[in-house]
Amino acid sequence: MGVVQGDQMVLNIGPQHPSTHGVLRLKVVTDGEIVSDITPIIGYLHRCFEKHCENSTYEQVIPYTDRCDYIASMNNNFGYVVAMEELMEIKVPERVEYIRVIMAELNRIASHLLALGTYGLDVGAFTPFLYMFRDRERILDIFELTCGARLLYNYMWVGGVSHDLPVGFVETVYNFLDYFEPKVQEYNDILTFNKIFIERTADVGVLLPEVAISFGVSGPNLRGSGVKWDIRKDEPYSIYERFDFDVPVGQGLVGTMGDCWDRFYVRVLEMIESTKILRQALKDIPANGDVHQALPKKIRPPKGSIYRRTESPRGDLGYYIISDGSPQPYRLKMRSPAFTALSVLNEISRGWMLSDVIAVLGSLDIVLGEIDR
Amino acid sequence: MTDNQEQLIQEAVEKALQGDMDAVNNIEDRVTRSKAKAALVKAKREAAKTSAEPSSEDKSEESATESKPAPLSLNQKIAGIIASQFPGTVDEESSSETHIQLQPAKWFDVAQYLRDDPACLFDSLQCVTGVDLGEESELEVRYNLHSMTHRHAVEIRIACARNNPKVPSVETVWHIGDWFERETYDMFGIEFEGHRDLRRILLPDDWEGWPLRKDYEVQETYHGIVVPKVKEGWE
């Protein structure tokens, strides 16, 4: 006298499906509308980044890091150069530190805007997507002004940055902040506190803190579950300890703590915190300084290994670098936050309706370039 | 060479050693000047030798006295805890302040202990890195553990044989171990014993070989598609 079980159907979502945010295939076992098992099948974008690194010099790795998480390339560059500088014991000039923080935080806002906009799209709200892309465009313009590229920057180098800030940069960013800060309220009005949106996302895909930690989930997804963990605060790198900002965590404002809505709202709040950091950095940045001053003539780190993590918009981005004293890395491993986030999908969306799986997947904000590497 | 000349050189060298190079440079006779410079180089070299010897002794004494009261690094502390709980698992010779070298045999029990013991509480497996230590030597798996409660981190390293690499799986200790171990298996062919679903994750199921091993050779064709060779390293 077992459990009565209806006919099960195996359904493939992707690899070419707009809601999978890239080339991801989900093998979903459904019982009617209810999902009983999900197997994510990844690797469609696999380029063996790590093997490429072993055949490139340390400088040549930086453009590859751009292409891993292509939504937040600045943050990927940042993580790599921070690890390399720690390995080589390079002290970079003050101005470079400020420039890097400004770029990383601008990129964090751009990344969250994309995450929030496409999430609206996933659950059926088209208009907010256009609002957010309109504003993200302004950040990309700032990047274009600085280094000529809009998506893949190769901007941060070991020991410095590729170009100094252009004339009028600080005013441009101030103008952007003046424009952007009131817009957050607009997003909240049109999407975050929209009743239909709350119905779709609140109480759905609840991720308990212990489960999140065991699955290695990090960044906004972990903070959405109420765990106050942000590497910028807890293991400060670069000059983050100088800035005054909060670490927003999910509180279950409209549903249960750790649901899709919490993960969404944490990202909204993080954008506000990033604007706070930006204003402080713009105020304190040294007016002059050579951004190429600390560039090493030859990048040959001493023998040894290092594991360093930084906070990318998706979470703990770690680099494990092993050097044998030659100009090429002996081994380079990237710990991708989106990889761990995707692994939790089956755990938190089993038992929900098929349409909720899309809501949960979108709320995890994955980037396939980084998962597949 | 007259005594007068020798005396001149000696005086100039002494002045130069105290920082006054003009004394040497102002010697009018070219030959005497170059002799003075040669003498200066010799004198400097000897001075460096005599000053280096006692200073290096000083340093070693200093470091010896420093290392005694120096606090153990977290890796060393945790290594001590593991060694007392599971005798014979820690390879103390290869361990250092930055990592703990373990024998693979009891790794599963050690991992469980590290996760649950109140002094350790490593509830988060941050990263699993496979390493090929060279074509003639072993493979190694490196685990970066982190505790959300104590906010501390350690690195565990486990080596395994190249031709039959086996390491106990910790997939049931930390959930993320599942995907991390599959990735390491995919790239290095390290078999994680006890893993319930050990198969390739990033590469297709029918791919041949372990790409991140140093002796990896790309298969020539894959489903009739010619696989381009990996570019040779940069000189």
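In the stretch B:79-111, which GluC sites (Glu not before Pro) fall in coil by DSSP and have 10 or fewer other Cβ atoms within 10 Å?
Values: sites: B:92, B:93, B:97; in loops: B:92, B:93, B:97.
Answer in residue order: B:93.
Computed from backbone phi with θ = phi - 60° and the Karplus coefficients 6.51, -1.76 and 1.60, the 3J(HN,Hα) list for the stretch A:298-306 is 9, 8, 9, x, x, 4, x, 9, 8 Hz; x is used for glycine and proline. The tail of the calculated P(r) for the stretch A:286-325 beyond 17 Å holds 59 percent of all Cα-Cα pairs. Every helix of 4 or more DSSP H residues in chain A counts as -39500 (n - 2.57), and over all residues that averages to -14500 deg cm²/dmol at 222 nm. Eigen-decomposition of the gyration tensor built on the alpha-carbon atoms of chain A gives equivalent ellipsoid semi-axes of 36, 25, 17 angstrom, largest listed first.
Under the simplified labelling scheme, the residue A:137-residue B:205 pair shows an inter-label distance of 4.6 nm, with each label point 7 Å from Cα along Cα→Cβ. What the pair-distance distribution of the stretch A:135-255 shows, using all Cα-Cα distances binned every 10 Å from zero, is 10, 24, 35, 24, 6 percent.
Summary of packing: across the peptides B:32-38, A:253-259, A:94-100, the per-residue average of other C-beta atoms within 10 Å ranks them, highest first, as A:94-100, A:253-259, B:32-38.
Separation of the stretch B:181-232 from the stretch B:137-174 is 20 Å, based on Cα centroids.
For the pair residue A:246 and residue B:219, label points projected 7 Å from Cα toward Cβ lie 5.5 nm apart.
Helices that extend 24 Å or more along their long axis by alpha-carbon positions and average at least -0.5 on the Kyte-Doolittle scale are, among the DSSP H runs of chain A, A:94-122, A:127-147, A:169-187, A:260-284. Under 5 Å between amide hydrogens, built in the peptide plane, is the criterion, and for residue A:41 it picks out A:25, A:26, A:27 among residues at least 5 positions away or on other chains. Inter-label distance, residue B:28 to residue A:33: 11.0 nm, where each label sits 7 Å from its Cα along the C-beta direction.
Sort A:316, B:123 so the one with the fewest other Cβ atoms within 10 Å of its own Cβ comes first.
Working: A:316 26, B:123 19.
Exposure proxy ranking, most exposed first: B:123, A:316.
Of all DSSP-defined beta bridges confined to the stretch B:74-216, some 75% are antiparallel rather than parallel.
Taken over the stretch A:192-325, the ratio of Cα radius of gyration to 2.2 N^0.38 Å equals 1.34. For the stretch A:91-109 versus the stretch A:257-284, the spacing of their alpha-carbon centroids is 17 Å.
Each reported figure results from applying straightforward, stated rules to the coordinates on display, with no laboratory input. Owing to the predicted nature of the structure, the values given are computational and were not obtained by experimental measurement. Don't worry about glycine lacking a Cβ; one is built from the backbone with ideal geometry, like all the others, and counts go over all protein chains shown.
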